[in-house]
1. So residue 119 ticks every box in (1) more than 15 Å from the ligand (Cβ to nearest atom); (2) assigned to a loop (DSSP other than H, G, I, E, B); (3) not small (Gly, Ala, Ser) but one. Which box is left unticked?
2. Suppose we filter segment 284-320 for residues that are in contact (Cβ under 8 Å) with a residue 60 or more places away in the chain, assigned to a helix (DSSP H, G or I) and within 16 Å of the ligand (Cβ to nearest atom); how many remain?
3. Quick check: is even one residue across segment 215-230 out of contact with any strand residue (DSSP E or B) (no Cβ under 7 Å at 6 or more places or on another chain) and aromatic (Phe, Trp, Tyr)?
4. Do we have any residue at all in segment 75-87 that's open to solvent by 10 Å² or more (accessible area, probe 1.4 Å), within 16 Å of the ligand (Cβ to nearest atom) and either touching a Cys at 6+ places or on another chain (Cβ under 8 Å) or not in a loop (DSSP other than H, G, I, E, B) (or both)?
5. Pairs only if they're at least six apart or on different chains, beta carbon under 8 angstrom, first in segment 37-59 and under 15 Å from residue 213 (Cβ atoms) and acidic (Asp, Glu), second assigned to a strand (DSSP E or B) and open to solvent by 20 Å² or more (accessible area, probe 1.4 Å); list them, first residue then second.
6. Only residues that are away from the ligand (no atom under 14 Å from the Cβ), within 24 Å of residue 115 (Cα to Cα) and not acidic (Asp, Glu): list them for segment 263-283, please.
7. Those residues that are away from the ligand (no atom under 16 Å from the Cβ) and not β-branched (Val, Ile, Thr), I need them from segment 179-196; list them, please.
8. Tell me, which residue of segment 217-250 that is of a type in the set (A, V, I, L, M, F, W, C) and open to solvent by 20 Å² or more (accessible area, probe 1.4 Å) is nearest to residue 190 (Cα to Cα)?
Amino acid sequence: MDRTDRPRRLRRDGLRELVSETDLKPSDLIAPLFVDATATERVPIESMPGHERVPISETVARVEEVVDAGVETVILFGIPASKDPEGTRAWADDGVIQRATRAITAETDATVVTDLCLCEYTDHGHCGVLEDEAESDPTMTVANDETLDLLRKVAVSHAEAGADVVAPSGMIDGMVGAIRDALDDAGFDDVPVMSYAVKYASAFYGPFRDAADGAPAFGDRRHYQMDPANRREARREATLDVEEGADVLMVKPALPYLDVIRDVSEGFDRPVAAYNVSGEYAMIHAAAEKGWLELEDVALESLLSIKRAGADLIVTYFAESVADRLSTGR
Ligand code: PBG
């Protein structure tokens, strides 16, 4: 073969980087943190090696570790001191997220995103108030419009505590519009909404549900989260959220849904976030523990692939370790 086009010419050291198409930087990453109002010390999360439930008193120290690793943004999940049918601790002024957010914004430079959902706060573990028949009739779960009223209160309480961004994750119809209105009415028109616009009813959330104690007590979330079989419906969800005022569109999970990330990034003029979820993290760790995969290489390749698919930012449990590796150039 002579005058053939030879792509290998550009794969030489010194040239490869120059023609690299995708760039992954620490500032693309958001680190999830679990703040636990019931904890008095850090408690490791077994199915998510390297992650812990952190007491409110340790939150600032934990965020400083994340910032030192080069990650500037955290997303907070709360484990409340008590749960009830409505999830009232989700909008309590002295709730776990409200206290943690006040401390972080007062004492660090980190950007704080708050996950806005009720599943960690309700005693039944669903992402809203239940329909009357929910426990006896498996086709009934969350009462949509009643839940919107609660999400409005949660959004305002997060903003009052100083959240830089709120991220509604409940897949309740109309949640973005309701939250946008509530924030605007309360004078928080500058607080962006990063919507979990396209969130699938996925089996990859298992380790998270242990970590955040947010598994539903009965049934599952298929009546509000999306069917993994559906691609066109992702466009419909994203369209609605844009119309309702979403500033950032999230797709979740990430690796099994790269086609959807691509669709949303090509179809909408909003930044796209991808959530590289707990199960994606846990399975790589498990394989690495067995010596079957190289942990850091697989983590980096995963995040690069998510960006290549079209994500602008990535929520990932690998944020700290990958940021550290990117900045030390190893
Ligand atoms: C709450 C929420 C969940 C996740 C993020 N926000 C759990 C769920 O929907 O069941 C999962 C994140 C992960 O698996 O890393 N609604």
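1. The failed condition is (1).
2. 4
3. The answer is yes, given that some residue of segment 215-230 is out of contact with any strand residue (DSSP E or B) (no Cβ under 7 Å at 6 or more places or on another chain) and aromatic (Phe, Trp, Tyr).
4. no
5. Listed by first residue and then by second, the contacts come to 52/43; 52/44.
6. 264, 265, 268, 270, 271, 272 - these are the residues of segment 263-283 that are away from the ligand (no atom under 14 Å from the Cβ), within 24 Å of residue 115 (Cα to Cα) and not acidic (Asp, Glu).
7. Of segment 179-196, the ones away from the ligand (no atom under 16 Å from the Cβ) are 180-192.
Once the filter is applied, which keeps residues that are away from the ligand (no atom under 16 Å from the Cβ) and not β-branched (Val, Ile, Thr), segment 179-196 yields 180, 181, 182, 183, 184, 185, 186, 187, 188, 189, 190, 192.
8. In the first step, residues of segment 217-250 are kept if they are of a type in the set (A, V, I, L, M, F, W, C); the result is 217-218, 226, 229, 234, 238, 240, 242, 246, 248-250.
Checking the rest, the ones that are also open to solvent by 20 Å² or more (accessible area, probe 1.4 Å) come to 217-218, 229, 240, 242, 248.
Numbers: 217: 37, 218: 38, 229: 36, 240: 21, 242: 16, 248: 14 Å.
So the residue we want is 248.
The values are calculated or read from the model by the stated rules, or taken from the named source; none is laboratory data. Not measured: the values here are computed from a predicted model. In this analysis, Cβ positions are derived from the backbone assuming ideal geometry, glycine residues included, and neighbour counts consider all displayed protein chains. With ligands, DNA and RNA removed, areas are computed over all heavy atoms of the protein, side chains included. Shrake-Rupley method; radii C 1.70, N 1.55, O 1.52, S 1.80 Å.
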